[in-house]
Structure formats: structure tokens, C-alpha cells
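Just so it is clear, none of the values below were taken in a lab; they were calculated from the coordinates. A quick note: this is a predicted structure, and the numbers were derived from the prediction, not measured. Don't worry about glycine lacking a Cβ; one is built from the backbone with ideal geometry, like all the others, and counts go over all protein chains shown.
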Amino acid sequence: MNVPEATLDNVVDPARLAALAAYDILDTAPEQGFDDIVLLARNICETPVALVSLVAGDRQWFKARLGFPECGTDLNASVCAHALVEPDLLVIPDLSLDPRTRSNPLVTGGPRIRFYAGAPLRTPDGMVLGSLCVIDVEARPAGLTQRQAESLRALAGQVMAQLELRRALADHRRLLGQSEELIRAQAAMSGAKGDIEAILDALVTGAMQALPHAEGAVIEAREGEELVYRATKGVLVPHAGLRLPLDGSLAGACLLAGEPILVPDVLKDPRVKRDLVESLRLRSCILVPVRQAGRAVGVLKLQSSRRGAFTAMDLKLAEVLAGTVSAGLAEVAEAEARREAEIRLRRAQEAGGVGVFSIGLDGILHATPEFCRLYGLAPRDSYPSTAFEELIIPEDAHLISTAASRRSGKAPRDVEYRVRRPDTGELRWIARKGELEYDQAGKPVRFVGVARDITEQRADRDALAESERFKAVLLGLGDRLRDLTEVAEVTRVAAEVAGMALRASRAGFGRIDAVGEHLSIEPDWTAPGQASVAGQHRFADYGDFHQGLMRGEPLVVNDAAVDPRTAASMPALRTMDVAAFVDTPLRERGRTVALFFVHDRVPRTWTAQELEFLRAIADRVEVGVARLRAEERQRLLNHELSHRMKNLISMVQAVVAQTLRGANDVETVRGVLARRLVALGKAHDILLGGVAERAPLAAVVREGIGALEGASDRVHVAGPELEVGAKAALSLALMLHEMTTNAVKYGALSVANGRVELYWSISEGDGGPVLRLSWRERGGPPVEPPARKGFGTRLIERGLTGQVGGVLALDYLPDGVTCVVEAPLRNFQDEG
């Protein structure tokens with residue numbers, strides 16, 4: 001900064017700054033009197049620039065200016081600051097040569113001023129506020145003439161005269177304003193009608209307006225041995241509720257003494273609590289007692305962050321303001337009692353969720369805060385009645401009390417309707433009861449009543465009714481399902497019942513294929529105008545939810561367009577007119593085998609009660625389908641047992657007949673026959689251990705070769721997992737038994753290092769998949785073809801191929817017997 005330290009001390013001198021602030025001149029609009037003075041100064045001194053410059057603590061500001069574009073500068077560019085320490089005119093012929101100003105930015109840069117002459121603006125108390133100065137861009141070694149210097153001093157005196165006149169006018173206006181504020185405060189307190197908070201608020205508001213230089217005001221009310229910040233304004237608003245001890249505080253001293261106090265500087269008053277000075281931004285203040293029935297009940301305090309901000313006149317005015325409170329406080333006790341009663345009533349209304357309203361013929365609705373809250377509007381004393389009426393949904397509009405129905409006396413009295421709250425968007429049920437009030441002529445003049453939110457009660461009531469309806473539907477469904485004999489009938493009836501009960505657009509039942517990728521929907525139920533979706537569907541076409549269903553998790557979609565699992569598949573769902581749906585999986589032996597579904601053409605939020613109902617429907621379908629399938633399996637089992645017995649008897653007859661044919665040795669025949677019957681029995685064990693009509697091929701192979709002790713350890717078996725039908729299983733077991741018996745007696749298994757390789761595989765043929773079984777012996781003795789074909793050979797060549805319609809290649813190669821059987825896979829799996 002280009003201001004010497006001694007000059008800077010003058011700039012920031014608190015007394016000087018207080019004197020400047022007292023004129024309240026900074027940042028005011030231009031005024032003709034000051035503008036005329038700078039015009040005269042410029043003309044007399046023959047300079048391009050003339051200014052009335054006031055030096056504040058951080059800047060200089062120009063009340064009037066000619067020839068200078070800016071209305072002020074910072075102190076770094078101030079030349080006038082140097083005039084503060086001058087006893088008379090400050091004249092600097094060449095600013096670029098004077099050590100005080102040569103580095104001034106207005107000298108070194110634009111507008112490159114060179115000459116300065118300033119007359120100090122000195123108050124009657126000797127405080128210099130600034131200067132009336134003239135400036136030239138050319139140096140003036142001769143400075144001012146004597147006539148110019150005298151004129152500049154005289155004009156500076158005129159500036160001070162203007163400032164004094166201006167302050168006197170301001171003081172006059174302030175006194176008038178204070179009188180008006182006092183009258184307004186008295187009127188406000190009179191209109192408070194005993195409301196102590198309104199009275200105290202009127203007092204502090206009036207005090208702040210009457211004494212605008214006060215930065216904060218408060219009523220410190222006595223509560224026992226403490227003073228509480230009860231009504232606050234200005235900088236003290238954040239401290240509302242602050243508690244101070246009665247003893248040891250400045251306000252306490254005022255209240256206990258019953259005398260007003262003027263404190264020019266709180267830092268010099270021992271009664272002030274030092275720890276609060278900074279947080280309250282307190283430097284000077286005035287305090288006056290507030291009385292009720294002659295007894296001091298509190299203190300009015302006005303404060304400022306400036307030292308010496310208040311005068312004795314301010315203190316007197318504050319006393320007058322505080323004195324006007326006494327009349328208002330006389331009504332406080334009665335008003336407090338009324339207010340307490342109102343508070344208890346309001347709390348009772350809030351606790352009960354009851355709002356009170358009245359509507360006049362002018363259509364203005366007066367409501368309690370709770371009434372406004374019920375409808376989602378901000379609490380206000382009054383609203384146009386239409387503000388509430390417009391919140392009622394169109395479906396319930398006939399229940400509204402309109403201006404016409406109120407005038408005619410036909411306004412609905414006791415109604416329940418739904419409103420859409422503007423603050424949350426919620427749909428809420430409101431129960432409203434109202435009565436018309438009439439004048440002496442019998443004409444309606446007012447509609448009054450109460451309202452309360454009954455959303456939960458309606459929900460409970462509707463849920464109970466829905467629960468009872470669902471129970472009745474489920475009982476009826478049980479009766480209908482009991483006598484049905486076909487699975488398709490069960491699923492169709494259940495779909496119809498579920499769809500109609502849920503007011504859906506479609507419902508149905510679908511079976512899931514073995515790999516869990518496709519759903520075959522049986523004939524479904526549809527609402528009028530909706531198309532059936534019966535047929536096969538691929539899960540992947542409709543969203544990413546397949547895995548959850550396969551784990552047995554219900555799929556609930558409220559809005560398919562926004563649900564992340566289905567949003568990408570909306571085109572496919574739209575073709576079925578589906579916007580919301582529920583899929584309930586049906587499981588069997590730990591696996592999801594089917595699902596029960598419900599569709600809706602519009603988004604909807606499926607309730608817990610609806611989902612529970614669907615689960616109950618699905619359970620009944622599951623039980624019904626399981627019952628019908630169990631009955632069907634029982635019938636099949638009975639038929640199968642009969643069929644098996646016939647086949648078994650025929651097979652035994654054939655085995656016995658062929659074994660006995662040409663046999664001479666009874667013991668040998670007994671052993672062969674026993675082994676063949678054991679192999680036949682083991683094959684039946686495999687079938688009965690499964691599902692009777694089919695068995696795993698690997699199990700059939702193991703039992704066929706395992707009939708002879710120790711054979712299975714030297715036979716290498718490999719092939720894909722698959723199942724074969726009952727007839728193929730029996731014939732294959734007997735064939736493998738014969739092959740293994742021959743290998744043990746004559747072939748590879750007759751020696752220690754011999755082995756058998758038994759493989760099967762599936763390949764594509766012209767008519768579909770073909771199963772190929774291959775038997776190959778290795779490491780046995782040299783092979784010679786048999787001289788004749790016995791029953792075992794004929795069983796190998798004809799038994800299995802006859803059952804599956806295949807071809808067999810049996811070769812007696814020198815290094816080992818090979819046998820290959822090929823037949824369509826479907827023939828191996830035929831259960832007939």
C-alpha cells in the first residue's frame with residue numbers, strides 16, 4: 001500500500017471512522033448540492049477533474065465527481081488519504097515526483113494524473129472525513145493561485161455544511177420515523193389480543209425499525225433464576241432460546257435493578273459475560289426493563305457490533321417502547337389460558353389425525369394445520385376451496401361439496417373419497433364430515449366440518465374383504481377340482497378362477513421341457529378381447545429370469561417396461577399384450593417342471609395378498625395334477641405288471657425250452673438254466689429299481705456282465721448316459737449274460753490276461769439317432785467258430801435284434817470274438 005504508516009493510522013482511526021459513519025453518506029445516490037460544488041471547484045481551479053472524496057477504512061468513495069469515471073478506488077490508489085493528516089490544503093504539484101504518490105497506480109498507469117490539490121473535510125470535532133480535491137493530468141509546478149486555494153477551502157466548508165444539513169434532515173426524518181414506528185408498535189401490540197409472543201415480537205420489531213442502527217434485538221424473559229432469549233431479531237435470531245444466569249449477566253443487572261443501562265463499550269463493562277461477546281457480535285448495547293403489572297419480567301436489549309453505536313436519546317426511545325408493552329401484557333394470562341386450550345385441542349386433533357375446516361359463501365376455506373397436512377398442502381390460514389377440491393380424483397368427484405351445492409344446501413355431508421397429495425403424489429383416502437350453518441332467514445352461510453385420513457383403515461377393510469373373497473374362491477376351486485379326471489381340465493379351471501379373481505387379462509399353465517428352455521402352454525383363460533398364448537414358447541425371448549424360476553423362485557413383474565429383467569424383451573411381450581405378470585413355479589422331486597402364470601395388459605403392483613392367493617392356486621393345481629398323475633401311474637403300473645408277468649412267463653418258457661432242447665446232462669442243464677434265470681431276474685431288478693418302464697443302459701450292462709462272479713472287473717465299459725425301455729433291457733441283459741458266459745468258458749475271460757471292451761455310442765442315421773453297441777474280446781486263446789449254434793448263440797443273434805429291429809454282426813476272429821449291434825435309438829427306448 002502506498003500510504004505511510006502514520007497516515008494509515010489516521011485512515012483506520014476508530015473515532016474518525018465512527019464520525020464518518022455517523023453522517024451515513026457512503027454509497028448514497030448523487031445529490032445536486034454536492035454535484036454543484038465539484039463543478040465550481042473544477043471551474044475555479046481550471047482542472048479536468050474535481051471530486052468530493054470520503055476515505056473509509058478500506059477504500060475511498062466519491063460522493064460527487066466530474067472528469068473521473070469511477071465512483072471510488074481502493075486505498076492503494078488514494079491520494080486523498082494523505083490529506084487526512086494535513087492541517088490545511090494538500091497540494092502536490094507533480095505526483096510522479098513526490099515520494100508519497102510516485103508509485104500510485106493512478107500515476108504510473110491510466111489516467112496518469114500529475115497534479116493534486118485537496119482541502120480537508122473536517123468535522124466540528126476536528127475529524128477529517130476526506131477531501132474536496134481537484135486533479136490534473138499535467139503537472140503544475142506553481143500549484144494553485146491564492147484565489148483558487150481560498151475558493152477550494154470555502155467550497156470544502158460548503159461540503160461539510162451539506163453533510164451537516166443532510167444529517168440534520170436525516171435526524172429529523174429518523175425522529176419522525178421513530179414516532180411512526182412507535183405508533184405502529186403500539187398498534188401491533190394492541191392487535192395482538194393477549195398473545196405474548198406477538199406482543200414481544202412487535203416490541204423487538206418496532207425497536208429494530210425505530211433504531212435502524214441496531215443490528216440485533218432480543219427480549220430476555222425471566223424464567224426462575226435464568227433469562228431466556230425469547231423474541232429475537234437481526235443477528236440474534238440464531239441465538240433464540242439461549243439461557244443466561246440472572247446473577248452475573250448485564251441483562252440480569254438491568255432486570256434486578258429495574259433501571260435502563262447504556263453501554264458504549266461492553267469490553268469496558270465488568271458486568272458483561274466475556275465469553276459471549278464474540279459469538280453474539282456485541283460491542284455496544286442498550287437495555288431497558290420490560291414490566292408486567294409493575295414488576296420487571298424481562299429485558300429489552302438492542303445491540304451493535306460497533307462501539308458507541310447508541311445515544312442517550314436511543315435509550316429513552318427504547319424505554320418508551322418497552323413501556324407500551326405493559327398494557328398488552330395485562331391480557332397475557334387470559335390469552336395464555338386460551339392458547340393452552342387451543343394447543344390441547346390442536347394436539348388432540350393431530351393425535352387423532354383430525355383436521356377442521358370451514359368454507360364461506362365466498363369460497364374461501366379456513367383450515368387447521370392438520371387439515372392442510374391431510375391433503376398434502378402447506379399449512380395456511382386460508383385457501384380457495386378449489387385448492388382442495390381439485391385434489392380429489394375424478395372417480396370420486398361426485399362426492400365434492402362445490403360452491404353450488406353449498407349454496408343450495410345439497411352439499412354431501414358424510415363422504416369418503418380419494419385425494420392425490422401434491423407433496424408426495426400418494427393416493428390417500430379421506431373421510432370428511434360436514435354440516436351447513438344457516439342464517440336467521442334459513443339460508444346456508446357456511447359449511448363446517450372435520451376430516452381424517454382413513455387410508456390404513458380402508459386398506460385393512462379392503463384387505464379383509466379381498467381375503468374373504470379369495471378364501472371363497474379357493475373353496476369353490478377345491479370343489480370344482482375334486483371331480484375332474486384330466487390334467488388339462490384342472491389347469492383350465494384353475495386358470496379361469498385365478499384370472500377372474502385377480503381381474504387379470506390372461507392366466508394359464510405351462511409345462512417346462514427337460515432342459516428347462518421351453519414352456520408348452522396348455523389352453524389358457526383369457527379376458528374378453530385378449531388372445532390366447534397357448535403353444536410352445538422359449539424363455540429367453542421374454543427376459544432374463546429363467547434361472548430364478550428353475551430354482552423355484554416366483555417371478556413377480558409389476559411393470560415389464562421398466563423391470564431390468566424384462567425391459568429389453570418388451571417387443572415380444574407387447575405382441576402378447578403383457579405389461580405385468582406373475583410366474584409361479586410348480587416343482588416335482590426338487591425340479592421345476594411347470595409354472596402357473598397370470599398376465600395383465602397394464603402395469604400393476606401385485607400385492608402380497610394376491611401373490612399368496614396365486615401361490616395357493618398353484619398349490620392346488622400341483623396337488624390336483626399330482627393326484628391325477630398318481631392315479632394314471634397306478635393304472636399304468638397295474639397294466640404294466642400284467643404285461644410284465646405275461647412277458648416274463650413267455651421269456652421263462654422260451655429260456656427253459658431252448659435250454660432243455662438237445663440236453664443230455666440234467667445237472668449241466670440245471671446250472672445253465674439257473675444262471676439264465678438269474679440274469680433275467682437281475683434285469684427285472686433294474687427295471688423295478690427305476691420307473692418300471694425304463695432303466696439306465698449302464699445299469700443294464702453292469703448287471704448283464706456282473707451275473708458271473710469276477711467277470712465285471714475285466715470288462716471295460718464306456719458310453720453316454722441314456723435309458724432303454726423294458727423289453728430292450730431284458731433282452732440286452734440276457735444277451736450280455738450269454739456273451740460273458742462264453743467269454744469266461746471259452747474266450748478272453750478264460751485266461752488271466754484276457755479282457756473285454758464294451759462300448760456304445762449314438763450317431764445320426766437317416767431315420768434319426770442310432771445306438772451302436774460293440775463287444776470286443778482281447779488277449780484270449782485263439783478263437784474257433786462253433787460247430788453248431790446252440791440256444792445261447794441264437795439268443796445272442798436274435799433275442800435283442802428282434803426286440804429293437806436292429807442288425808447284428810457276430811464275428812469269431814482268431815484274436816477275439818466281436819459283436820456289434822445297431823438299431824434306432826427310439827426302438828431301444830420304446831416302453832411298449
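Go ahead and run the numbers for FRET between K273 and A15, Cβ-Cβ distance against an R0 of 30 Å, rounding to 0.05. Between K273 and A15 the formula returns 0.65.
Starting with the fewest neighbours, write out Y116, Y417 ranked by other beta-carbon atoms found within 10 Å of each beta-carbon. Working shown, then result.
On the way: Y116 29, Y417 20.
If I rank by nearby Cβ atoms, fewest first, I get Y417, Y116.
Under 5 Å between amide hydrogens, built in the peptide plane, is the criterion, and for R446 it picks out E437 among residues at least 5 positions away or on other chains. Under 5 Å between amide hydrogens, built in the peptide plane, is the criterion, and for R283 it picks out S304, S305, R306 among residues at least 5 positions away or on other chains.
A Cβ-based charge dipole, computed about the Cα centre of segment 366-521 with Lys and Arg at +1 and Asp and Glu at -1, lands at about 560 debye. Annotation: extensible slack from E426 through Q634 equals 69.2 nm (criterion: 0.36 nm per residue apart, minus Cα-Cα distance). Normalised by 2.2 N^0.38 Å, where N is the number of residues, the C-alpha radius of gyration of segment 400-543 stands at 1.76. Label-to-label distance, A531 versus I393, with points set 7 angstrom from Cα along the beta-carbon direction: 3.2 nm.
Taking the Kirkwood radius as the inverse of the mean 1/r across Cα pairs, report the Rg/Rh of segment 526-588.
Ratio of gyration radius to Kirkwood radius: 0.96.
Segment 37-99 gives an Rg/Rh value of 0.95, both radii derived from C-alpha positions and Rh following Kirkwood.
Rounded to the nearest 0.05, the FRET efficiency derived from the C-beta distance between N558 and A441 at R0 = 56 Å is 0.45. Label sites at R102 and A567, each approximated as a point 7 angstrom past Cα along Cα to Cβ, lie 7.5 nm apart.
For segment 5-171, list log₁₀ I(q)/I(0) at each q in 0.14, 0.16 Å⁻¹, using the Debye formula over Cα point scatterers of equal strength and ignoring solvent, two decimals each. Log10 of I(q)/I(0), two decimals: -0.64, -0.86. With a Förster radius of 22 Å applied to the beta-carbon distance between V593 and Y759, the computed FRET efficiency rounds to 0.10.
Phi-derived couplings, Karplus 6.51 cos²θ - 1.76 cosθ + 1.60 at θ = phi - 60°, listed residue by residue for segment 84-90: 5, 9, 8, x, 9, 4, 9 Hz, with x used for Gly and Pro. Computed over the alpha carbons of segment 192-333, Rg followed by Dmax gives 13.6, 41 Å.
For segment 509-584, a crude dipole built from +1 on the beta carbon of Lys and Arg and -1 on the beta carbon of Asp and Glu, taken about the Cα centre, is about 40 debye to the nearest 20.
A simple rule links phi to the HN-Hα coupling: the Karplus curve 6.51 cos²θ - 1.76 cosθ + 1.60 with θ = phi - 60°, which for segment 808-816 gives 10, 10, 10, 10, 9, 6, x, 8, x Hz, with x for Gly and Pro. All other residues whose Cβ lies under 14 angstrom from that of L267 are scored, Lys and Arg at +1 and Asp and Glu at -1, for a net of +4. Its relative contact order, with pairs defined as Cα atoms under 8 Å and 6+ residues apart, puts segment 461-631 at 22 percent.
Straightening the chain between T607 and Q292 buys 107.1 nm, computed as 0.36 nm per residue apart minus the Cα-Cα spacing. Seen from every direction in turn and averaged, the convex hull around the alpha carbons of segment 461-631 projects onto 9.6 nm².
Relative to the current alpha-carbon distance between A403 and K745, full extension at 0.36 nm per residue lengthens the span by 111.9 nm.
Ellipsoid fit via the Cα gyration tensor, segment 462-517: semi-axes of 24, 16, 9 Å, each the root of five times an eigenvalue, largest first.
How many Å³ per residue does the convex hull of the Cα positions in segment 353-453 occupy?
83 Å³
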